[in-house]
1. Give the peptides 158-166, 81-89 in descending order of average Cβ contacts within 10 Å, highest first.
2. Could you put Leu205, Leu107, Leu155 in order, starting from the residue whose Cβ has the fewest other Cβ atoms within 10 Å?
3. Order 92-101, 61-70 from most to least packed using the mean count of other Cβ atoms within 10 Å.
4. Using the Cα centre as the reference, give the magnitude of the dipole from point charges on the C-beta atoms of the stretch 115-170 (Lys, Arg: +1; Asp, Glu: -1; all else neutral), rounded to the nearest 20 debye.
5. Can you pull the one-decimal nm distance between simple spin-label points at Asp170 and Leu102, each 7 Å off the Cα toward Cβ?
6. Greater than 25 Å separation of Cα atoms is the criterion. Which listed pairs, Lys229/Lys258; Lys199/Lys258; Lys199/Lys237; Lys199/Lys229, meet it?
7. Could you state the orientation-averaged shadow area of the convex hull built on the Cα atoms of the stretch 155-200, in nm² to one decimal?
8. Rank-order 220-231, 132-143 by packing density, defined as the average count of other C-beta atoms within 10 Å over each peptide's residues, highest first.
Amino acid sequence: MTIAEDRYRMLLGASTALADQPTVRAVLHSLRDVLSSTSRLHGAELFVLSDDGESLYSFEYDRDEDAPAIKRGARLLRIGPVAQVLDEQKPVLIPDLSLAMLEHPDLAPFAAEVAGRSSYLFPVSTAQKRYGILSTPKLPGQQFAPEDVEMLSALASHVAVALECAMARDSAEFYHREVVKQRDRLSLLLEINNHIVTKLEAEELFQAVAASMRQHLGNDLTSLWLFNKQTDRLERKFLDFPSGKGFLEKVVVVEPTKLWSEWSRLRVPQFYSPLEADIPSALR
């Protein structure tokens, strides 16, 4: 078997191994594994272009335990070798990784930890889109063999396909969630409309509406308060609180707070919660 045939078989095996991975991170880990017999990488980090194309952010990585703890989302500026890789779509060698990291504010604090290391940057692109770059640092004193660079260039395209599939999957899942949310909203509106048509008594109507809201929104209670202009008080006309302990049953008249008065003036739905609490997903 010739050297060329051997490298071809290795590339084929590596391609097969990467194609079987379910996530981008698994692809990066597999990439390091399949190259371990000929070229040990200290890590593999995928940086993806921002929407405006002026910078990149750390999307996923697979590193040794002693690698710098660079967080996901850390940004690279589109300058120097980074811009060169993206513009020329060719690998670029970074002989001194620590020096290159000093040019990027998010990475500069970690520059001292990679002193003496080199790295190659590979374009991560498909025929349809340029996604970003793949960084493959080595330990001090280790070199990149030409055949390893060639193989990594080929495998970077697999990373691009994995990324493209992951993004397509995320988009499909987001679209599905939005469709389900819209379906549930329409279903609730239809139920309430049916209640208005079929329930003639106010108490029966509000009970039915509250039950439908509880089923769709998961709220603990529903209450209806009307403002009495003669007393300047809010009067509770209806309460649905299946899990309540009875305390709220005793509260039937309250004096509007300044906040409540403001809500009434605006005449739009309002969300109230403790400071910095998350808005429930059903209300977003």
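Derivation of every value follows stated rules applied to the coordinates shown; laboratory data play no part. Remember, it's a predicted structure, so these values are computed and weren't measured experimentally. Virtual Cβ from ideal backbone geometry, glycine too; neighbours counted across all protein chains shown.
1. Numbers: 158-166: 19.8, 81-89: 16.7.
Most protected by this proxy first, the peptides run 158-166, 81-89.
2. Arranged by neighbour count, lowest to highest, Leu205, Leu107, Leu155 become Leu205, Leu107, Leu155.
3. 92-101, 61-70
4. Values: 5 positive and 5 negative charges, 40 e Å.
Rounded to the nearest 20 debye, it is 200 debye.
5. That separation, rounded to one decimal, is 3.4 nm.
6. Result: Lys199/Lys258; Lys199/Lys229 exceed 25 Å.
7. 2.5
8. With the highest mean Cβ count within 10 Å placed first, the list reads 132-143, 220-231.
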